[in-house]
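One structure below.
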Amino acid sequence: MKCIRFTTLISILLLLGISDLMANDNKYVFAVNSLRFINTPQKGILSHINAGNYFYDESKKNWVKNNELFYPTDTDLVSPLTLEDAVDLELQMAMKNGINGFALLYTISRNRKILDTYDEIVNAYVEVIKKKGYDFKLMMAIKFERGVKVNEGIYDCGTHLSKIYGSTKNSNVWYKMKGKKALMFYKSKGLMSADELKSWEKSKDNELDMSAYFDRFSEITSYLSTDVSIIYNALWPGRKKEIELALDRFETVFFEKSRMLRQGKIDILARIIKSKNRPFVQTVFHSGISSYYVMKDKNKKKPQRFVMQSKIAIDDCYKEYDNLHYTRSIRDGFKSAEKNNAELIILDSWNIFIEQSHFRPSYNNGWGLSVLLKSYINEYQGKPNEESLVMSFLPYQNTDGKGFLAYKPRKNHSYKDDTYERKNIEIVTNLDKAGDLYFRNKLVKTIPAGRFVTTVPWSEGEVKAFVKRDGLKVLEIYSTKKISYSLYRNNPSKAYVSSKDPELYDEMVTMLAKKEVDFFNNRFLLPRELYNQWISIEKEKMTYYTSTLLSSIEKSDDAIGKMDKYHKKYKAKIKALLSEFNYSIWDEIINEKMEYLKPLADYDIHEFENSYNVLPAN
């Protein structure tokens, strides 16, 4: 009898363990990925390393365009990334971070021609996932911009979704909720009039009627030959009536990024959703800088085009940014997801995460953000974690003075203390066992096992920290970045560096160098030894260019001069490596590429109409 009971107990425990594993397998972390920013010259904005100084210089025509351009590592390749290359690269980067899905941001705007290009990019994601056999899911996330004619927008959205789903109907790449394809309406204010919104805001809950607005979503889905589960974006955080009305029509409701700071409202949403047995979706977002400018006199938001055309003075406007206390927004988001048993986490947005962590490895934000994210994602999905050390800081704080563009925290997108980031450097440890934390060679304190956040006062100096255990360094951060005051920087962009940065940087540079060498080696068929030597030469060049620009951040002309000198030495190394005939072919192709590439001085990632690095509108 005891044997039977023991066997039954073991069976129950095994079943519970299997159930937990299956539950964790169903936990998805998606990132909102704007199709407008796919990293390839043919289809979108390239990954740039850009100082974004925004300081006034009378020698420039317009202060808005006064950006110093820095070396774009991935655009130096003789064969730039194809659309499939870029898509594959983003998928691999996402999966390395633990991300297992993209919400592809499909923007319905007055630019209707761009939708065909979006369709091509979406199809590329589907095809690459299928071809490579990646365990990765996709979901369409629809954004309606204001100014779109509602009937046109509904038609465009419905017909293009029908085309996308129809061309991929036999594909298993789409994320499903309750057995149906999930369709997120990311932002939908373009589907309503200003008068409608005002009337709803003034309505008492018992009089609130949003049926006509909800009918427009049904009009869109009427074009589809497949059933979908709609994820609806609530207009007012915490307004129970809207949530209840939406759940009568849609699968679930979520709050977009700005609302995630209001934890009490999120808990109300979670309780209502759980009472209806619907999946809870948690948003996690990371600080960003607004693309618009705010006019000081009228407090009105204006696009860059208006600021330039109207020749607005630098002191007459400012930009807004999200003051999210370094890693706190990420920590709070995952804590809320765990508390409310989220089925799906949405990172908003992937383009902020990828651009500020991967392609600017030793420049702006660094890989620490990715390392931090992965540790939280692993925890959420029940996977083992590696030990890690991440440091977050403001690399530069400008000295007070005129001639700088001002930045102010964005209301309802920022934590209340707007001095936290200026006063502190944050160090996040994730340890298997306790260890001693050192900052700039001085002992800070003994850190316990698990994840722990330590702050030290912001001060100028080296970016250097390490953890010691039993007298040995087990984790170390050392970056060529410096923390300093500067006359040339007035930008709240933060840096995130980690103990894994050298390894991650080497992986990226190796991949890019290999792509460069393979382009030529398909013709030259070099012996393995020479092939490997060439990869080493290319890696050295990319690393030198990036580090040179970093050390010359205030004087880009000096950096470009050093790079020109290095390029001569680089060519000599290639000449010594190749036969005379092969070198002549290499030199001809390189010179031809340089002839057609836009000069460095012409790059401007903030100029949307730059035909080289944004989506073509044809």
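The values are calculated or read from the model by the stated rules, or taken from the named source; none is laboratory data. Just so it is clear, the structure is predicted and the values come from calculations on it, not from any experiment. No Cβ is skipped: glycine too gets one built from the backbone with ideal geometry, and neighbour counts run over all protein chains shown.
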Does Glu242 satisfy the criteria of being in a helix (DSSP H, G or I), closer than 15 Å to Ser162 by Cα, in contact (Cβ under 8 Å) with a residue 12 or more places away in the chain and not hydroxyl-bearing (Ser, Thr, Tyr)?
no
So is Lys302 farther than 19 Å from Ser188 by Cβ, of a type in the set (Lys, Arg) and either surrounded by 19 or more Cβ atoms within 10 Å (Cβ to Cβ) or at pLDDT 90 or above (or both) or not?
yes
Hits in region 393-443 - residues which are touching a Leu at 6+ places or on another chain (Cβ under 8 Å), in a strand (DSSP E or B) and at pLDDT below 95
Asn398
Consider Ala86 against the criteria (1) assigned to a helix (DSSP H, G or I); (2) closer than 27 Å to Lys374 by Cβ; (3) among the small types (Gly, Ala, Ser); (4) modelled with pLDDT of 95 or more: it satisfies all of them except one. Which criterion is unmet?
(4)
Of the conditions (1) surrounded by 14 or more Cβ atoms within 10 Å (Cβ to Cβ); (2) out of contact with any helix residue (DSSP H, G or I) (no Cβ under 6 Å at 6 or more places or on another chain); (3) of a type outside the set (Gly, Ala, Ser), Val284 fails just one. Which one is it?
(2)
Any idea which of (1) out of contact with any strand residue (DSSP E or B) (no Cβ under 9 Å at 6 or more places or on another chain); (2) assigned to a helix (DSSP H, G or I) is the one Ile266 doesn't satisfy?
(1)
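Tally time: how many residues in region 444-467 are basic (Lys, Arg) and either farther than 15 Å from Leu394 by Cα or in contact with a Leu (Cβ under 7 Å, 6 or more places away or on another chain) (or both)?
So in region 444-467, the residues basic (Lys, Arg) come out as 445, 451, 464.
Applying the additional criterion that residues be either farther than 15 Å from Leu394 by Cα or in contact with a Leu (Cβ under 7 Å, 6 or more places away or on another chain) (or both) yields 445, 451.
Residues meeting the conditions: 2.
Could we say that Ile447 is without any contact (Cβ under 8 Å) to a residue 24 or more places away in the chain, surrounded by 13 or more Cβ atoms within 10 Å (Cβ to Cβ) and assigned by TED's automatic domain parsing to the domain that holds Thr480 here? Talk me through it step by step, then tell me what you get.
On the way: without any contact (Cβ under 8 Å) to a residue 24 or more places away in the chain: yes; surrounded by 13 or more Cβ atoms within 10 Å (Cβ to Cβ): yes; assigned by TED's automatic domain parsing to the domain that holds Thr480: yes.
The answer is yes for Ile447.
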Just checking, how many residues over region 178-212 are surrounded by fewer than 13 Cβ atoms within 10 Å (Cβ to Cβ) and either touching a Cys at 6+ places or on another chain (Cβ under 7 Å) or in a loop (DSSP other than H, G, I, E, B) (or both)?
5
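Could you list all residues from region 239-271 that are surrounded by fewer than 17 Cβ atoms within 10 Å (Cβ to Cβ) and within 20 Å of Glu338 (Cα to Cα)?
The first filter runs over region 239-271 and keeps only residues surrounded by fewer than 17 Cβ atoms within 10 Å (Cβ to Cβ), leaving 240-241, 244, 248-249, 262-264, 267-268, 271.
The answer is Arg262, Gln263, Gly264, Asp267, Ile268, Arg271.
Residues checked against (1) of a type in the set (Gly, Ala, Ser); (2) in contact with a Pro (Cβ under 6 Å, 6 or more places away or on another chain); (3) surrounded by fewer than 13 Cβ atoms within 10 Å (Cβ to Cβ); (4) at pLDDT below 95:
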{"position": "Ser556", "(1), (2), (3), (4)": "yes, no, no, yes"}
{"position": "Gly561", "(1), (2), (3), (4)": "yes, no, no, yes"}
{"position": "Lys573", "(1), (2), (3), (4)": "no, no, no, no"}
{"position": "Ala576", "(1), (2), (3), (4)": "yes, no, yes, no"}
{"position": "Ser579", "(1), (2), (3), (4)": "yes, no, yes, no"}
{"position": "Tyr583", "(1), (2), (3), (4)": "no, no, no, no"}
Show the residue pairs that are 6+ apart or on different chains and have beta-carbon atoms under 6 Å apart, the first residue being within region 213-226 and surrounded by 16 or more Cβ atoms within 10 Å (Cβ to Cβ), the second being charged (D, E, K, R) and outside any loop (DSSP other than H, G, I, E, B).
Phe214/Arg249
Answer yes or no: is there a residue in region 423-435 that is surrounded by 15 or more Cβ atoms within 10 Å (Cβ to Cβ) and without any contact (Cβ under 8 Å) to a residue 12 or more places away in the chain.
no
What pairs can you find where one residue is in region 465-493 and loosely packed, with under 15 Cβ neighbours inside 10 Å and polar (S, T, N, Q), the other is modelled with pLDDT under 85 and assigned to a loop (DSSP other than H, G, I, E, B), and their Cβ atoms are less than 7 Å apart, with a gap of 6+ or different chains?
Thr480/Ser362
Counting only residues that are surrounded by 17 or more Cβ atoms within 10 Å (Cβ to Cβ) and not hydroxyl-bearing (Ser, Thr, Tyr), which one in region 494-506 is modelled with the lowest pLDDT?
Leu504
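Taking the condition of being under 22 Å from the mean Cα position of the chain (by Cα) and not hydrophobic (A, V, I, L, M, F, W, C), how many residues in region 170-187 meet it? If you could, list the steps in order and put the result at the bottom.
Kept after step one, since they are under 22 Å from the mean Cα position of the chain (by Cα), are these residues of region 170-187: 173-175, 182-187.
Add one more test, that the residue is not hydrophobic (A, V, I, L, M, F, W, C), and what stays is 175, 186-187.
Residues that pass the stated criteria total 3.
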Checked pairs for region 282-300, first basic (Lys, Arg), second assigned to a strand (DSSP E or B), C-beta under 8 Å and 6 or more apart or across chains, list as Lys296/Cys317; Lys296/Tyr318; Lys300/Val294
What about Val128, is it hydrophobic (A, V, I, L, M, F, W, C), surrounded by 14 or more Cβ atoms within 10 Å (Cβ to Cβ), over 25 Å from Arg278 (Cα atoms) and assigned by TED's automatic domain parsing to the domain that holds Ser188?
yes
